[in-house]
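Values in this text are rule-based calculations from the coordinates and carry no lab data. Quick caveat: nothing in here was measured; it's all calculated off a predicted structure. Note: ideal-geometry Cβ built from the backbone for every residue, glycine included; neighbour counts use all protein chains shown.
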Amino acid sequence: MKAAEIARTSEAVLRALRRKTRHGRGNYTCITRRAPTPGPNGPERQDYNFGMPHQPRASFKSPRFAQPATFMRLPHVEDPRGLDVAIVGVPFDGGTSYRPGARLGPREIRAQSSLIRQYSYFQRVAPFDRLNVADVGDIDAPPINIEKCFDVVKSQVGAIAEAGARPIVIGGDHSVSLPILRALAGRHGPLALVQFDAHIDTWDEYFGGKYFHGTPFRRAIEEGLVDGKRFVQVGIRGPMYSEEDFDFHRQHGITVVDIDQVKEKGVAWTVDRIHAVASGPAYVTFDIDAVDPAFAPGTGTPEVGGLSSHEAQRLVRGLAGLSLVGGDIVEVAPPFDGPGQITALLAANIMFELLCVMAGGAART
Ligand code: MN
Ligand code: MN
C-alpha cells in the first residue's frame, strides 16, 4: 500500500471507531471524573486536553522522574470502560526455558517510558488526542502455575476487550500471548498474526509440557485462534533443532521473513510482505529478542545477529493500516539489562510506535 492509501485507510478505521464509541459504548464522559481529582501536587489532569479524558501528566508541571510509574505517565485507571486502548502488564515468567526475569518487565518498561514525548514526528500523530488511553495496571497472574495464569490473563484481557478497548500488553514471557489470543479470537474470530521474534515459538512441547514460551503459536493455530495463512514471523534466526522445525509452517502456510531477508531486502520490502499476509483483524506480538542483544541484552534467550533498534521502530511504524485488535511486547528481563536499562527503554518506545499505529499514524515517507 502507498503511504497516502494507508493514511486514508487509517482515517476510515478511525472514523468507524469513533462512531462505535458514540453509539456502542456511550459517551466518553461516562468515565470522565466530574472534577479533576486533587493529587498531592494539585489536579491530576493537565490544562491542555483535546477532548480525551486521559492525558499523560504534564512534564512542565510534574518532573518526568516523579510519581509512581505508569506507561508514559498516563493515569492509572482500573476500569477499562470508555477506553480505546488499555495498557496492561502481565508480570509472569513461569513459561521461560532459560533465564527468567521477564516478570519484572512491566515495572521497568513503565519506568523507562517516562521520557517519551506525546507526538510522533515520524507517524505524524498525537495518539492521546485521538484515543482515550490509560494504564490499567497489572494482571495479578499466579506466578507458579501456568494454566492458572492463562485463565486469569484470558479473563482479564477478555474484560478489556468486552469493554471495547484494545489491549497493549506488557509481558511477561512469550507464553502469555496464548491466553491473550484466546480472549481476542473469542471476540473477533481467527486472527492474523504479526510476530517479531528471533524464535519461531511453534515447537510442540518442552519436558513433556505443552505450555511454555516456545509453543504459544503452535497452540494458537491448533486452537483455531490464529489463521496460519495470515501469520507472518519476522526476524527469525539462530540455530534450530533441525529443518523439521519448519514442517508445521509448511502444513499451515505460515510465512517466515528471516533476518537475512530483512537485512538484504530492507524494511520497506518486509513491510510489504507483512501487509500481504496479515489481512483482516490482526494481532501483533513483539518479542524483544527480535532485536540484536547489542541493542537489547535484557532478555531470557538472546540470539546474536538481530534487528537494530531503528529497524525495529521502522518495522512497527510499517504496521500502519493493519486492523490491529491488540498487541504485546514480551520477554524483557531487566535483571540482564545493560547500563541505562536500554532494553526496557527500547521496549517502551516500541510500545509508543504501536500505540501511534493504533491511533491511525502513517509512516513518514
Ligand atoms: Mn518468542
Ligand atoms: Mn524469542
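Suppose a student asked you for the relative contact order of region 3-358, using Cα pairs under 8 Å spaced at least 6 residues apart; what percent would you report? Intermediate results must be reported in sequence, preceding the final value.
Details: 747 pairs, mean separation 65.9, N = 356.
So the answer I get is 19 percent.
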## Note on the structure
Between GLN251 and ASP140, the FRET efficiency computed from the C-beta separation at R0 = 41 Å comes out, to the nearest 0.05, as 0.65
### Query
Helix hunt in the chain: which complete DSSP H runs extend at least 20 Å axially by C-alpha with mean Kyte-Doolittle at least 1.6?
342-358
### Query
Among PHE128, VAL152, ALA69, which residue has its Cα positioned farthest towards the positive end of the charge dipole of the chain, with +1 placed on the Cβ of Lys and Arg, -1 on the Cβ of Asp and Glu, and the dipole taken about the Cα centre?
PHE128
### Task
Could you let me know the centre-to-centre spacing of region 307-365 and region 213-257, using Cα atoms, in angstrom?
22
### Query
What list do you get for TYR98, TYR283, TYR206 if you sort them by fewest beta carbons within 10 Å?
TYR98, TYR206, TYR283
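Provide the convex hull volume over Cα atoms per residue for region 310-365, in Å³. Don't skip to the answer; put the middle values down first.
Working: hull volume 4.6 nm³, N = 56.
Looking at region 310-365, the number lands at 82 Å³ per residue.
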#### Entry: Dipole magnitude of the chain, debye to nearest 20 (Cβ charges: Lys/Arg +1, Asp/Glu -1, about Cα centre)
2020
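With each run of n ≥ 4 DSSP H residues scored as -39500 (n - 2.57), what mean residue ellipticity at 222 nm is computed for the chain after dividing by its residue count and rounding to the nearest 500 deg cm²/dmol?
Result for the chain: -10000 deg cm²/dmol, rounded to the nearest 500.
So what is the diffusion coefficient of region 213-365 in µm² per second by Stokes-Einstein at 20 °C and 1.002 mPa s, using a Kirkwood Rh over Cα pairs? Present the calculation step by step, with values, prior to reporting the outcome.
Working: Rh = 16.1 Å.
It comes out at roughly 133 µm²/s.
Can you give the Kirkwood hydrodynamic radius of the chain from its Cα pairs, in Å with one decimal?
Working: mean 1/r = 0.0492 Å⁻¹.
Evaluated over the chain, this radius sits at 20.3 Å.
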### Residue (of HIS54, ILE200, VAL169) at the positive-pole extreme of the chain, dipole from beta-carbon charges
HIS54
